[in-house]
Amino acid sequence: YCNGQLVSYARNFEPFAAAGAHVYGVSVDTVGQNRAMVEKLILPFSLLADVDGEVIRRYDVWDEKGQVSRPAIFVVDKDATVRYAYVGEDFADRPGDQPIYDALNAPGEGEK
């Protein structure tokens, strides 16, 4: 499921580019594992290593019972305001792409 979502964003990257967005994936995988995944899937964005789960826990997406990170998407603007947040209940619970694209183009506070 993770790979499918990454590939979807990679193959439909235009909305991210048009919005001037910086895209990053965060996982508990190592830097080397993430580098290999970027190369294998030909991703136009980076995967960041959070091996200890510090960021994952900070965003409250760590599933203590399952001891895994739940799938989550956050759109954060340049002022660090979370414009969109989706945290799945399990590994297969993921949002469609359109709400993310909509959040990229939604006016921020003070914008029209």
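The values are calculated or read from the model by the stated rules, or taken from the named source; none is laboratory data. From a predicted model like this one, the values you see are computed outputs, not experimental measurements. Note that each Cβ is placed from the backbone with ideal geometry, even for glycine, and that neighbours are counted across all protein chains shown. Keep in mind that these areas ignore ligands, DNA and RNA; they rest on the heavy atoms of the full protein, side chains included. Shrake-Rupley method; radii C 1.70, N 1.55, O 1.52, S 1.80 Å.
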Residues of region 15-30 being surrounded by 14 or more Cβ atoms within 10 Å (Cβ to Cβ) and closer than 27 Å to Gly53 by Cα, which ones?
Phe16, Ala21, Val23, Gly25, Val26, Ser27, Val28, Asp29
Please go through (1) open to solvent by less than 100 Å² (accessible area, probe 1.4 Å); (2) at pLDDT 90 or above for Arg57 and return the number of the only condition it doesn't satisfy.
(1)
Starting from region 72-93, take each residue that is under 18 Å from Asn3 (Cα atoms) and open to solvent by less than 70 Å² (accessible area, probe 1.4 Å) and list its partners that are of a type in the set (Phe, Trp, Tyr) and not in a loop (DSSP other than H, G, I, E, B), counting only C-beta distances under 6 angstrom and pairs at least six apart or across chains.
Ile73/Tyr86
Name the single residue, out of those in region 31-43 being open to solvent by less than 70 Å² (accessible area, probe 1.4 Å) and within 22 Å of Phe13 (Cα to Cα), that is farthest from the chain's Cα centre (by Cα).
Ala36
Exactly one of (1) surrounded by 10 or more Cβ atoms within 10 Å (Cβ to Cβ); (2) closer than 18 Å to Leu6 by Cβ is unmet by Ala106. Its number?
(2)
Could you list all residues from region 45-83 that are farther than 16 Å from Val28 by Cα and of a type outside the set (Phe, Trp, Tyr)?
Lys65, Val75, Val76, Asp77, Lys78, Asp79, Ala80, Thr81, Val82, Arg83
Answer with yes or no whether Tyr84 is hydroxyl-bearing (Ser, Thr, Tyr) and assigned to a helix (DSSP H, G or I).
no
Only one of (1) surrounded by 13 or more Cβ atoms within 10 Å (Cβ to Cβ); (2) more than 21 Å from Val87 (Cα to Cα) does not apply to Asn12, and that is (1)
Give the number of residues within region 94-103 that are in a loop (DSSP other than H, G, I, E, B) and surrounded by fewer than 11 Cβ atoms within 10 Å (Cβ to Cβ).
1
Please specify each residue of region 62-71 satisfying the condition of being farther than 15 Å from Gln5 by Cα and in a loop (DSSP other than H, G, I, E, B).
Glu64, Lys65, Gly66, Gln67
Could you pull out the residue among Ala19, Ala92, Ala36 that is hydrophobic (A, V, I, L, M, F, W, C) and modelled with pLDDT of 95 or more?
Ala36
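Listed here are the residues, each with its yes/no results for (1) in a loop (DSSP other than H, G, I, E, B); (2) in contact (Cβ under 8 Å) with a residue 24 or more places away in the chain.
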residue: Leu6; (1), (2): no, yes
residue: Pro15; (1), (2): no, yes
residue: Val26; (1), (2): no, yes
residue: Ala36; (1), (2): no, no
residue: Pro44; (1), (2): yes, yes
residue: Val51; (1), (2): yes, no
